[in-house]
Each structure stands twice: as C-alpha cells, then as structure tokens.
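S.K.: Let me give you the structure first, and then I'll get to my questions.
Taken together, the values in this text are just the output of simple stated rules run on the coordinates, not laboratory data. Since we're looking at a predicted model, the values are computed, not measured. For neighbour counting, all protein chains shown are included, and Cβ atoms are generated from backbone atoms with ideal geometry for every residue, glycine included.
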Amino acid sequence: MQSTISSRLMMGLAQAGIAAAASMVVVLLARRRNIHFESELFIALVRGLAQIVAVGSVLVLLLRGPKWTSGILLVAMMLAAASTSSRRAKIPGAFQVSLYAIFAGAGSVIALMTSARVIDSAITALVPVGSMLVANAMNTNSLALNRFKADVQSHVGQIESALALGAGAEQTVTPYVEASFRASLIPAIDSLRSLGIVWIPGLMAGMVLSGAPPLYSAIYQFVVLAMIFASSGLTSLISTTLIRKHAFSAAEQLVLRPELPAH
Amino acid sequence: MNHDGHVQPPSIVLRTEHLSRRVNGRLIVDDVSFEVGHGDILAVVGPSGAGKSSLLRLLNRLDEPTSGTYFVEGREFRDFAPRELRRRVGMVMQSAYLFSGSVADNLRFGPRQRGEILTDVVIADLLAEVGLPDFASRAVENLSGGEAQRISLARALANSPVVLLADEPTSALDEEAKRGIERLIVDVVRQHGLTCVIVTHDTAQAGRIANRVLLMETGKLKRIGPTEEVLSAEHN
C-alpha cells in the first residue's frame with residue numbers, strides 16, 4: 001500500500017515535470033521574440049505546485065472535519081484570490097475592490113447555490129466546486145482591472161478633456177468600464193459556448209470515473225460553468241463599478257496615469 | 001479711465017499666490033505668483049520642461065497644487081466645486097481630443113453636464129464664430145487637425161467660461177492652420193470678454209497674440225510683463 005502511494009507520487013511529480021517543461025518551451029519561443037517572462041513563469045510554476053500540494057494535504061485532513069471548515073477554507077481562498085488579483089492590477093485600492101467583488105460575486109453565488117442544494121454542502125463537493133468559482137472570479141477580476149487600467153492610461157487625453165469641460169469623474173471612464181466588463185467575461189462565455197465541443201472539463205470526467213451517470217455528469221458540468229459565469233460576471237460587475245472612483249482623487253483629478261520616467 | 005481722469009487697472013480675473021507643485025520630490029511649478037486682468041491674453045513661454053503646461057493644469061484643477069493657491073474672480077479655487085471651476089476656467093488642449101460622434105454632440109457635451117441642452121441656433125452661432133458654419137452634423141472623424149482644434153475651442157466656449165486656458169493649441173498644426181487659430185483666439189477673447197492664458201514654446205506666436213508674457217524656467221517665474229518688454233529682454 002505504502003509503495004503504491006509513493007510510486008504514484010513519483011509518477012505525479014514526473015508528470016508535473018513534463019507539463020512544466022511544456023510551459024518552459026513557450027517561454028523559450030517567447031524569448032526569441034524578445035518577450036521575457038522566464039522568472040515570472042518559473043516562480044508561478046513552483047508556487048502553483050507547492051500550493052496545490054499543500055492544499056491537497058490540508059484537504060485530506062479537513063475531509064474528516066466538520067462542515068463549517070469548508071466555510072473557513074473558502075473565505076481563505078477568497079482572501080488569497082483578492083490579494084493575487086490586486087497585486088497584478090497595481091491600482092490604488094485594488095485589494096479592497098477585489099475583496100468586495102470576489103466576496104460578493106463568488107461568495108454570494110456559492111452561498112445561494114449551496115442553500116438551493118445545487119452544490120452539495122459536503123466538504124468534498126463544496127470546497128472543490130467553490131474553489132472553481134473563486135478561482136474563475138479571481139481571473140475575471142484580474143482581467144477586468146488590467147483592462148480598465150490599460151484603457152484609462154491610453155485615453156488620458158480624452159478623459160481629461162471631458163473633465164476639463166466639467167464632466168463627472170466617473171462618467172468620463174464609463175466607456176472603459178464597459179469595455180473592461182465585456183473583455184473580462186470573454187473566457188467564461190467562450191467556455192460555456194464551447195462546452196462539450198472544444199473541451200470536456202475535468203469535473204465531468206471525474207464524476208464519470210467515480211461512477212456518476214454520464215448524462216447527469218454532463219448536465220452538472222453545465223451547472224458548474226453557469227455558476228462560474230454568474231459568480232465571475234457579478235465579481236467583474238462589482239469590481240469595475242468600484243474601481244472607477246479609485247482612478248480619481250477627491251477633487252476629480254485623474255490619478256491613474258501612466259507612470260512618468262524618473263528624472 | 002474713470003471720471004477723475006485716472007486709468008483704472010483692468011479688474012483681476014485670475015490671481016495666483018506662490019503656486020507650487022512637487023512631483024516625485026521635484027518642484028515642477030515653483031512659487032509662481034501672477035495676476036491676469038480682464039481681457040488680457042497672457043502667453044506663458046519658456047523652454048521645454050519649464051513647467052508651462054504643469055502650471056496650466058493647476059489652473060484647471062486637473063492637478064492639485066502642493067502649496068500656494070489661486071483665485072478666480074476673487075474666489076479661492078477650493079471654494080468652487082471642481083466641475084464648476086472647470087466650467088469657468090475652460091481649457092483647450094494640445095490635441096483636440098474630440099469625442100466620437102458629431103460636431104454638435106461635442107459642443108453640447110459641456111452644457112449637458114449641468115442639464116443644459118444647447119439649441120441648434122446656439123450651436124450654429126458657435127460654429128460660425130470659429131469659422132466652421134454648417135459643420136454641426138459632421139462626424140468628428142472626418143475633420144482636419146485645424147478644424148478639430150477650432151471645434152475644440154468652440155466646445156470650450158459652449159461652457160461660457162470666464163477664463164480660457166490654451167495649452168500649445170497650434171503645436172500640431174501646419175503654418176496656415178496655426179495662424180488661423182491664433183487669429184481666432186484673439187477674436188473670441190475680445191468678443192466674449194474672456195481672460196486667456198496660452199502656453200506656447202513659440203515666442204513669435206506669443207508676440208503675435210499676447211499683450212503680456214510670462215517667462216518660466218525650471219518651474220519658476222523668471223519674468224512677467226508687457227509682451228515687447230519681456231521678449232526684448234529675453235532676446236538681449
């Protein structure tokens with residue numbers, strides 16, 4: 001038994017190595033075009049592996065614990081998601097915005113769906129499904145904030161022209177809020193659109209392998225993707241609404257400007 | 001001249017007191033104090049990086065002064081809501097930055113912020129004033145650089161400002177369009193009874209349109225006075 005576990009662990013690590021190598025090939029191809037993200041990817045790969053192994057180990061312990069532990073786990077995940085998302089955005093106030101958006105977006109959908117029994121309240125179901133919603137909400141939030149920042153910084157002239165004419169600060173960025181919201185939901189919409197045609201998600205495969213009826217597994221996979229869309233959409237809607245005011249000072253001056261080179 | 005035969009100084013519309021702005025530890029506007037009277041056209045000149053545009057941005061409150069203050073018609077700038085201050089102190093930028101849509105949409109933009117809808121007659125008058133009659137329904141994408149800058153000026157005028165700020169409004173234009181905008185600025189300042197502060201790196205342009213010149217260097221006010229006096233002192 002012990003030797004089976006260790007041989008599977010070794011096999012898992014070997015598979016992780018091969019998958020990571022495939023990622024590094026992309027880095028090498030990008031290097032040829034002078035795009036460098038070697039260290040970023042390396043850190044992300046090591047960190048991702050360490051985190052998932054740690055969480056996997058904790059999960060093994062928690063699966064035997066009381067139900068409320070899943071709530072603590074999901075809250076911790078949402079905190080980590082807000083932190084990750086805001087670090088990438090580099091917008092003043094982004095952590096607070098991300099926290100509110102992910103808690104309200106992913107948190108409310110998880111709570112609602114669990115109370116409606118769409119998500120099983122057992123830790124073995126709630127934590128993995130909930131984490132999917134949180135992770136996707138985080139990605140959507142990052143996309144929305146990054147797009148917003150890029151759009152605002154590339155339209156400083158238009159925004160300040162509108163301000164100079166007496167327009168309300170938040171009104172001047174309305175087109176970029178809308179564009180950010182739309183762009184952030186492209187992955188979630190494409191996932192729904194291509195479900196079963198381009199990809200068969202792991203959750204469905206796992207359910208079938210563990211003996212669930214294939215048709216029910218397929219429908220539940222759709223349920224999960226629809227929940228992902230709902231939580232991601234709500235997260236993006238909230239974060240793009242809240243982030244607007246952080247682009248301006250109290251005197252309605254645009255502060256989210258491209259950084260000036262140091263003199 | 002008043003009834004005693006004394007020349008009355010022009011009423012001061014814009015006054016700055018020790019206005020400064022520090023960015024990343026560097027003073028980009030350094031203790032600048034000056035006054036601009038009703039009907040004056042003050043050209044702010046100086047080398048690149050002198051702080052000319054930074055000074056102008058403070059006057060429209062697009063940036064906040066680090067210290068010092070300024071007054072518009074005797075009221076400190078902080079006494080105005082930012083939107084109201086920006087309506088009174090209109091600004092034309094280096095690029096026109098017209099909003100997508102028609103010329104009329106652009107002219108209506110400012111007044112609409114206060115719930116005012118400009119009539120077609122008012123729009124036609126504004127367009128005639130900037131030399132572009134019958135342009136109301138044109139899409140802004142089809143305008144030349146000079147036409148766009150004229151529309152930008154008309155858009156600022158639609159807000160009925162008391163002060164007009166212009167930040168290098170002709171720097172992206174050819175010589176003919178540039179001269180046209182210069183004449184237009186002089187005309188509208190006169191017709192609307194405005195006070196104008198125009199930033200330019202071109203001292204010849206300052207000589208053509210301004211009655212007073214403010215020379216800046218490394219954020220500081222180096223000299224201010226009648227145009228000929230400041231420019232000739234600079235050339236000597």
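S.K.: How shielded is A:163-175 by partner chains, expressed as the average number of their Cβ atoms within 10 Å of its Cβ atoms?
M.R.: Working: counts 7, 18, 18, 17, 7, 3, 2, 0, 1, 0, 0, 0, 2.
The shielding value for this peptide is 6.
S.K.: Same structure again: Label points 7 Å out from Cα along the Cβ direction at B:Asn24 and A:Ser57: separation in nm?
M.R.: 4.4 nm
S.K.: Right, next: How large is ³J(HN,Hα) for each residue in the range A:136-144, as worked out from phi by the Karplus curve 6.51 cos²θ - 1.76 cosθ + 1.60 (θ = phi - 60°), to whole Hz, x for Gly and Pro?
M.R.: Calculated HN-Hα couplings, in order: 5, 5, 4, 4, 4, 4, 4, 4, 5 Hz.
S.K.: Let me have the relative contact order for the range A:67-246, percent, based on Cα pairs under 8 Å that are six or more residues apart. Before the final figure, lay out each step's value.
M.R.: Numbers: 210 pairs, mean separation 61.3, N = 180.
About 34 percent, as a whole number.
S.K.: Calculate, for A:Leu192 and B:Asp79, the FRET efficiency according to 1/(1 + (r/R0)^6) with r their C-beta to C-beta distance and R0 60 Å; round to the nearest 0.05. Mind showing how you got there, number by number?
M.R.: On the way: r = 54 Å, r/R0 = 0.89.
Efficiency at R0 = 60 Å is approximately 0.65.
S.K.: Can you tell which of A:Leu165, A:Leu62, A:Leu99 shows the greatest fluctuation in a Gaussian network model of chain A with Cα springs below 10 Å?
M.R.: In this elastic network of chain A, the residue with the biggest mean-square fluctuation among A:Leu165, A:Leu62, A:Leu99 is A:Leu165.
S.K.: Residues with amide H under 5 Å of B:Val23's amide H, sequence separation 5 or more or different chain, H placed in the peptide plane at 1.01 Å from N; which?
M.R.: B:Ile28
S.K.: So what is the relative contact order of chain B, in percent, for Cα pairs below 8 Å that sit 6 or more residues apart? Don't skip to the answer; put the middle values down first.
M.R.: Details: 448 pairs, mean separation 66.4, N = 236.
28 percent.
S.K.: Moving on. Rounded, prolate or oblate: which fits the range B:91-139 when a ≥ b ≥ c are the square roots of the eigenvalues of the alpha-carbon gyration tensor, with rounded for a/c under 1.5 and prolate only if a/b beats b/c? Walk me through the intermediate numbers first.
M.R.: Values: a/c = 1.44, a/b = 1.02, b/c = 1.41.
Rounded.
S.K.: Another question, if that's okay. Counting partner chain Cβ atoms within 10 Å of every residue's Cβ in B:17-24, what's the average? Write out the running numbers ahead of the final one.
M.R.: On the way: counts 0, 0, 0, 0, 0, 0, 2, 5.
The mean count of partner-chain Cβ atoms within 10 Å per residue comes to 1.
S.K.: Name the shape class, rounded, prolate or oblate, that the alpha-carbon gyration tensor gives for chain A, where a ≥ b ≥ c are the square roots of its eigenvalues, rounded holds for a/c under 1.5, and otherwise prolate holds if a/b is larger than b/c and oblate otherwise. Write down the numbers at each step before the final one.
M.R.: On the way: a/c = 2.11, a/b = 1.56, b/c = 1.35.
The shape class here is prolate.
S.K.: Okay, moving on. Which angle from 0 to 90°, rounded to the nearest 10, does the C-alpha axis of helix A:38-62 make with the longest principal axis of chain A?
M.R.: So the helix axis and the longest Cα principal axis differ by about 50 degrees.
S.K.: Moving on to the next point. Through the Karplus equation 6.51 cos²θ - 1.76 cosθ + 1.60, θ set to phi - 60°, convert the phi angles of the range A:109-123 into ³J(HN,Hα) values in whole Hz; use x for Gly and Pro.
M.R.: 5, 4, 5, 5, 6, 6, 5, 8, 6, 6, 9, 5, 7, 5, 4
S.K.: About the Cα centre of the protein assembly as shown, what is the dipole size in debye to 20, counting +1 per Lys and Arg Cβ and -1 per Asp and Glu Cβ, all else neutral?
M.R.: On the way: 46 positive and 42 negative charges, 453 e Å.
In total the dipole reaches around 2180 debye.
S.K.: How large is the convex hull of the Cα atoms of chain B per residue, expressed in Å³ as a whole number?
M.R.: Working: hull volume 33.9 nm³, N = 236.
That works out to 144 Å³ per residue.
S.K.: OK, next. Where the centre of each part is set by its Cα atoms, how far does the range A:108-129 sit from the range A:147-181, in angstrom?
M.R.: Value for the Cα centre distance between the two parts: 38 Å.
S.K.: What residues have an amide H closer than 5 Å to that of B:Val44, excluding those fewer than 5 places away on the same chain, when H is modeled at 1.01 Å from N in the peptide plane?
M.R.: So B:Val44 has HN proximity to B:Ile198, B:Val199, B:Thr200, B:Leu214.
S.K.: On to the next question. How much net charge surrounds B:Leu194 when only other residues with a Cβ under 13 Å from its Cβ are counted (Lys, Arg +1; Asp, Glu -1)?
M.R.: Values: positive: B:Arg88, B:Arg190; negative: B:Asp40, B:Glu73, B:Glu129, B:Asp187.
Net charge in that neighbourhood comes out at -2.
S.K.: Under 10 °C and 1.306 mPa s, how fast does the protein assembly as shown diffuse according to Stokes-Einstein, given a Kirkwood radius computed over C-alpha pairs? Answer in µm²/s, whole number. Don't skip to the answer; put the middle values down first.
M.R.: On the way: Rh = 27.0 Å.
Stokes-Einstein gives a translational diffusion coefficient of 59 µm²/s.
S.K.: If I take R0 = 22 Å and measure r between the Cβ atoms of A:Ile72 and A:Leu112 in this structure, what FRET efficiency does the formula 1/(1 + (r/R0)^6) give, to the nearest 0.05? All intermediate terms of the calculation are to be shown ahead of the outcome.
M.R.: Working: r = 19 Å, r/R0 = 0.87.
According to the calculation, E is roughly 0.70.
S.K.: Right, something else. Which of A:Phe148, B:Phe99, B:Phe135, A:Phe229 comes first, and how do the rest follow, when ranked by fewest Cβ neighbours within 10 Å? Walk me through the numbers before you get to the answer.
M.R.: Values: A:Phe148 28, B:Phe99 16, B:Phe135 23, A:Phe229 20.
Starting with the residue having the fewest Cβ neighbours, the order is B:Phe99, A:Phe229, B:Phe135, A:Phe148.
S.K.: Distance between the C-alpha centers of the range B:89-149 and the range A:183-253? Whole Å please.
M.R.: 43 Å
S.K.: If you don't mind, there's one more thing I want to ask. I'd like the orientation of helix A:174-184 relative to chain A: the angle between its Cα long axis and the longest Cα principal axis, in ° from 0 to 90, rounded to 10.
M.R.: 20 degrees
S.K.: About its Cα centre, how strong a charge dipole does chain A have in debye, to the nearest 20, once Lys and Arg get +1 and Asp and Glu get -1 at the Cβ?
M.R.: Working: 18 positive and 10 negative charges, 89 e Å.
Roughly 420 debye, rounded to the nearest 20.
S.K.: Run the helix sum for the protein assembly as shown: -39,500 (n - 2.57) per DSSP H stretch of 4+ residues, divided by residue count, reported at 222 nm to the nearest 500 deg cm²/dmol. Mind showing how you got there, number by number?
M.R.: Values: 20 runs with 280 residues, N = 499.
So the helix-based figure for the protein assembly as shown works out to -18000 deg cm²/dmol.
S.K.: Would you mind calculating the relative contact order of the range B:181-236 from Cα pairs under 8 angstrom and at least 6 residues apart, reporting the percent as a whole number?
M.R.: Working: 42 pairs, mean separation 13.4, N = 56.
Here the relative contact order equals 24 percent.
S.K.: How many Cβ atoms of partner chains, on average, are near each residue of A:242-251 if near means within 10 Å of its Cβ? Could the numbers behind the result be given before it?
M.R.: Working: counts 0, 0, 0, 0, 0, 0, 1, 4, 2, 9.
Mean partner-chain Cβ count within 10 Å for A:242-251: 2.
S.K.: List every residue whose amide H lies under 5 Å from the amide H of B:Arg138, counting only residues 5 or more places away in sequence or on a different chain, with H placed 1.01 Å from N in the peptide plane.
M.R.: The list, which skips near neighbours in sequence, is B:Val103, B:Ala104.
S.K.: Once you order the gyration tensor axes a ≥ b ≥ c over the Cα atoms, which shape class does the range B:1-111 get: rounded for a/c under 1.5, otherwise prolate or oblate by comparing a/b with b/c? Don't jump to the answer; show the numbers that get you there.
M.R.: On the way: a/c = 1.78, a/b = 1.15, b/c = 1.55.
Oblate is the answer for the range B:1-111, as a/c is 1.5 or above yet b/c matches or exceeds a/b.
S.K.: Fewest to most neighbouring Cβ within 10 Å: what's the order for A:Leu133, B:Leu231, A:Leu195?
M.R.: Working: A:Leu133 28, B:Leu231 21, A:Leu195 18.
Ordered from fewest to most neighbouring Cβ atoms within 10 Å, A:Leu133, B:Leu231, A:Leu195 come out as A:Leu195, B:Leu231, A:Leu133.
S.K.: Neighbouring Cβ atoms within 10 Å as the yardstick, rank A:Tyr216, B:Tyr70, B:Tyr97, A:Tyr100 fewest first.
M.R.: Working: A:Tyr216 12, B:Tyr70 24, B:Tyr97 21, A:Tyr100 17.
With the sparsest Cβ surroundings first, the list reads A:Tyr216, A:Tyr100, B:Tyr97, B:Tyr70.
S.K.: Same structure, new question: Please find, in a Gaussian network model of chain B (springs between Cα atoms separated by less than 10 Å), the residue of B:Val199, B:Val89, B:Val188 whose mean-square fluctuation is greatest.
M.R.: B:Val188
S.K.: Just how far, in whole angstrom, is the range B:160-236 from the range A:1-76 if you go by their alpha carbon centroids?
M.R.: What the calculation gives is 64 Å, centre to centre.
S.K.: With springs only between Cα atoms under 10 Å apart, run a GNM on chain A and tell me which of A:Val27, A:Val223, A:Val156 wobbles the most.
M.R.: Residue with maximal mean-square fluctuation among A:Val27, A:Val223, A:Val156: A:Val27.
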